[in-house]
């Protein structure tokens, strides 16, 4: 490894300014994502993302695990720069910076990628909390969902905070974003997917809903859930019975219950008829 010998110490350095701009969301529309920490760098490299540049502190370069991840990125032609510890701490949102920040190309998926096998597609409708969106995508991958549609108004899945919730799932789970809800629904119906809406009330008990066939699960935002217009257009509403006076669950928790119920059904009573391309 041949990073620059003298650490970058200036916050006005061009690399530091690029990292800061991505952190703050100033560079909207950029094809780069900011990756912080050894684990996320490992995930990015393992997922085949193009890591463009790595900023590492002298402490990180002396750590065996961090050094291995940095070398793996460098082997794939990433530039490696040594940056002073205090500068990386200034850029970090973690209480204790691990001394590793990287710039990676955002993954690109085609819509076809969402529909492999018997599709189970998560549709996030205006989920604006990046941590919740990241956790939702991580849960979706864990439960075997085939992809996600992040409708217009959702947080950026490759933003700093969303990546911390999603970890490597944001790099691996096929997803498309920026579609308006009507367009997303039209495309799902054209593929023959049953539309299931997560509802706080007035729905079928979630474990009686049939998820075995090609399905799309609609999930609404943290405050208001799905709008009534979206609920009306679903084929089925799935509700999770709750005790006491609790009105609703965190979107990630609700998604976990519904998606793992879908996974259970598909293991127990498989319906292997895929949709046509």
ask   = Given the residues 148, 170, which is the only one that is touching a helix residue (DSSP H, G or I) at 6+ places or on another chain (Cβ under 8 Å), part of a strand (DSSP E or B) and touching a residue at least 24 places away in the same chain (Cβ under 8 Å)?
value = 148
The lone exception for residue 258 - which of (1) outside any helix (DSSP H, G or I); (2) modelled with pLDDT of 95 or more; (3) within 20 Å of the chain's Cα centre (by Cα) it fails = (1)
request  = Looking only at the stretch 243-254, decide whether some residue is touching a strand residue (DSSP E or B) at 6+ places or on another chain (Cβ under 6 Å) and either part of a loop (DSSP other than H, G, I, E, B) or on the phi < 0 side of the Ramachandran plot (or both).
outcome  = yes
key: Extreme residue, nearest to the chain's Cα centre (by Cα), among residues of the stretch 214-235 that are modelled with pLDDT of 95 or more, farther than 21 Å from residue 131 by Cα and buried (at least 18 other Cβ atoms within 10 Å of the Cβ)   = 216
ask   = If residue 163 satisfies every condition in (1) closer than 15 Å to residue 38 by Cβ; (2) at pLDDT 95 or above; (3) in contact with a helix residue (DSSP H, G or I) (Cβ under 6 Å, 6 or more places away or on another chain) but one, which is the exception?
value = (2)
ask   = Any idea which residue in the stretch 130-153 is surrounded by the fewest Cβ atoms within 10 Å (Cβ to Cβ), counting only those that are closer than 24 Å to residue 18 by Cα and modelled with pLDDT under 95?
value = 131
task = Taking the options 268, 245, 190, 197, name whichever one is in contact (Cβ under 8 Å) with a residue 12 or more places away in the chain and either farther than 27 Å from residue 110 by Cα or in the same structural domain as residue 165 (by TED's automatic domain parsing) (or both).
result = 197
ask   = Restricting attention to the stretch 166-199, and to residues there that are out of contact with any strand residue (DSSP E or B) (no Cβ under 9 Å at 6 or more places or on another chain) and at positive phi, which single residue is modelled with the highest pLDDT?
value = 192
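The values are calculated or read from the model by the stated rules, or taken from the named source; none is laboratory data. From a predicted model like this one, the values you see are computed outputs, not experimental measurements. Here the Cβ is made from the backbone with ideal geometry for all residues, glycine too, and neighbour counts use every protein chain on show.
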